[in-house]
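Visitor: Could you have a look at this structure, given as structure tokens, before my questions?
The values are calculated or read from the model by the stated rules, or taken from the named source; none is laboratory data. Quick caveat, the model's predicted, so the values are computed rather than measured. Here Cβ is always computed from backbone atoms with ideal geometry, including for glycine, and neighbour counts include all displayed protein chains.
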Amino acid sequence: MDEIAELVRGPNRVLFDDAAVEGAKGESDRQVLIWDREAQGFCLRIHPSGAKAYCVKYINRGEARWYTIGVPGRPWSAEEARGRARDVLMAVACGRDPAVEKQAAKRELTVADLIERYLSEGPLTKIDKRASSWLCDRSSLRRHIEPLLGNQALGGLTRTDIAKAARAIMDGETATTVRTKARGAARVRGGLGVARRTLQTVAAMFAWAIEQDLMTINPARGVRLPRAAAQERFLSQAEATHLLEVLAGMEAARKVHGRFAAALRLLLFTGARKTEILALRWSEIDWSARRIVLAPIRSKTGAKVGERRTPLSDAALDVLHSIPRTADFVFPGGRRSTNHTTGLQKVWCEIRTAAGFPTLRVHDLRHSFASLALANNENLYLISRVLGHTTTRMTERYLHANDSDLQALVQRTTAMWAKVG
């Protein structure tokens, strides 16, 4: 309390604005309180870790109480936090205790309530997170976590609860079919991969809740799932040629729509991600520089590397030139749709079956591009740049040697021993 009193009297009393709060520094060995010059009891708390929070100190029935408003940034600007501080003090003047009320509300908050708040308020605080990532989060939370834990109170949530939910998702207990449109339906799947993504999403949600002072611990921290088996399926040069031949045949026979065929060719010719191609706009193509230029928000690694620039080969340019311009999107949806095309997965299942590759994923076309580049002795750093990775280590996950290459290596090596003998 002496330290607090000293800070109240001392120089740590300023008129808060967003710039001052962002530049405020703490100390590594103690908590620092910086008080607002304008609103009585309103302060910025800086923990030794560097984490910051707006708080209000008030006296209720002779006892000092603390009320945490929230973390600086969206939605809590300095002015908004100051206004909230005045609301708290007004409630105290009316005989209420806001800290006690907040704790009671926190105990009553359920997982379903938190999901609702996270999906509505989270995008305001995580402004660099892509809209497509929020859609994935919504699906994971709504279709897996809410059915399993939605009615459970946050205050009583344990690591065991999260582990049991992850196991249930792995075992397919949340798998179902959800009606999406008059004639549409979405299949909700379970399994290890879905459980892993859902666990990452719910852990991020709990971390956000801690920042918003809705929780004190993250019950998903420390929950471990089995390692996923590495999927090393990729196309050799001969297989890639065969796939393109099958694709051309099905397109000529009108078994595959031209826009899906063009999208698949571009995926193979560029090594781009599926969303980068399907959501491609004509305005994102720099014809003179022979490349696709995506804003950071359109790329998975955009927040770290900025613009995503994908070079276009002659083959890729030929594909783009063959597509009629009927909308802003290169691959527009149906007649009444204002979005890009969807439904590639269903078409892809038919194509890969016809080509004799029943387990090949669309994402494996990206693997194949990287593997073919490596087989052609291309530079690993340059391959990494084309794929839009932040480090070459990320690229190495996509690079695999053909069995024939491994066989040739063994043959050359043992031949040298034979010469020595």
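Visitor: Under 7 Å by Cβ, and 6 or more places apart or on different chains, what pairs join a residue from the stretch 118-144 that is in contact (Cβ under 8 Å) with a residue 12 or more places away in the chain and within 20 Å of residue 303 (Cβ to Cβ) with one that is small (Gly, Ala, Ser) and surrounded by 13 or more Cβ atoms within 10 Å (Cβ to Cβ)?
Guide: 125/73; 128/303
Visitor: Could you tell me which of the residues 125, 68 is within 22 Å of residue 218 (Cβ to Cβ), of a type outside the set (Phe, Trp, Tyr) and in the same structural domain as residue 19 (by TED's automatic domain parsing)?
Guide: That would be 68, the only listed residue that is within 22 Å of residue 218 (Cβ to Cβ), of a type outside the set (Phe, Trp, Tyr) and in the same structural domain as residue 19 (by TED's automatic domain parsing).
Visitor: Tell me, which residue of the stretch 308-339 that is β-branched (Val, Ile, Thr) and assigned to a loop (DSSP other than H, G, I, E, B) is surrounded by the most Cβ atoms within 10 Å (Cβ to Cβ)?
Guide: Applying the filter and picking the extreme gives 330.
Visitor: Looking at this structure, is residue 35 surrounded by 15 or more Cβ atoms within 10 Å (Cβ to Cβ), modelled with pLDDT under 90 and in contact with a strand residue (DSSP E or B) (Cβ under 6 Å, 6 or more places away or on another chain)?
Guide: no
Visitor: May I ask you to say which residue of 337, 313 is more than 23 Å from residue 242 (Cβ to Cβ), in the same structural domain as residue 373 (by TED's automatic domain parsing) and of a type in the set (Gly, Ala, Ser)?
Guide: 337
Visitor: Being under 19 Å from the mean Cα position of the chain (by Cα) and polar (S, T, N, Q) narrows it down to one residue among 237, 200; which is it? Steps first, answer last, please.
Guide: Details: 237 fails: under 19 Å from the mean Cα position of the chain (by Cα).
On inspection, the qualifying residue turns out to be 200.
Visitor: Specify which of the listed residues (384, 299, 368) is of a type in the set (S, T, N, Q), within 24 Å of residue 240 (Cα to Cα) and touching a residue at least 24 places away in the same chain (Cβ under 8 Å).
Guide: Exactly one residue qualifies, and that residue is 368.
Visitor: Could I ask something else about it? Can you tell me which residues in the stretch 256-291 are touching a residue at least 24 places away in the same chain (Cβ under 8 Å), part of a helix (DSSP H, G or I) and among the hydrophobic types (A, V, I, L, M, F, W, C)?
Guide: Answer for the stretch 256-291, where residues must be touching a residue at least 24 places away in the same chain (Cβ under 8 Å), part of a helix (DSSP H, G or I) and among the hydrophobic types (A, V, I, L, M, F, W, C): 260, 262, 263, 264, 266, 267, 268, 269, 277, 278, 282.
Visitor: Something else now. Which pairs turn up if I take residues in the stretch 74-101 that are farther than 25 Å from residue 124 by Cα and look for partners that are among the β-branched types (Val, Ile, Thr) and part of a strand (DSSP E or B) with beta carbon separation below 7 Å, at least 6 apart in sequence or on another chain?
Guide: 89/56
Visitor: Could you say which residue among 169, 162 is under 21 Å from residue 213 (Cβ atoms), part of a helix (DSSP H, G or I) and either in contact with a Pro (Cβ under 7 Å, 6 or more places away or on another chain) or not acidic (Asp, Glu) (or both)?
Guide: 162
Visitor: Could you run through the stretch 71-113 and say how many residues are at pLDDT 85 or above and touching a helix residue (DSSP H, G or I) at 6+ places or on another chain (Cβ under 6 Å)?
Guide: Residues meeting the conditions: 10.
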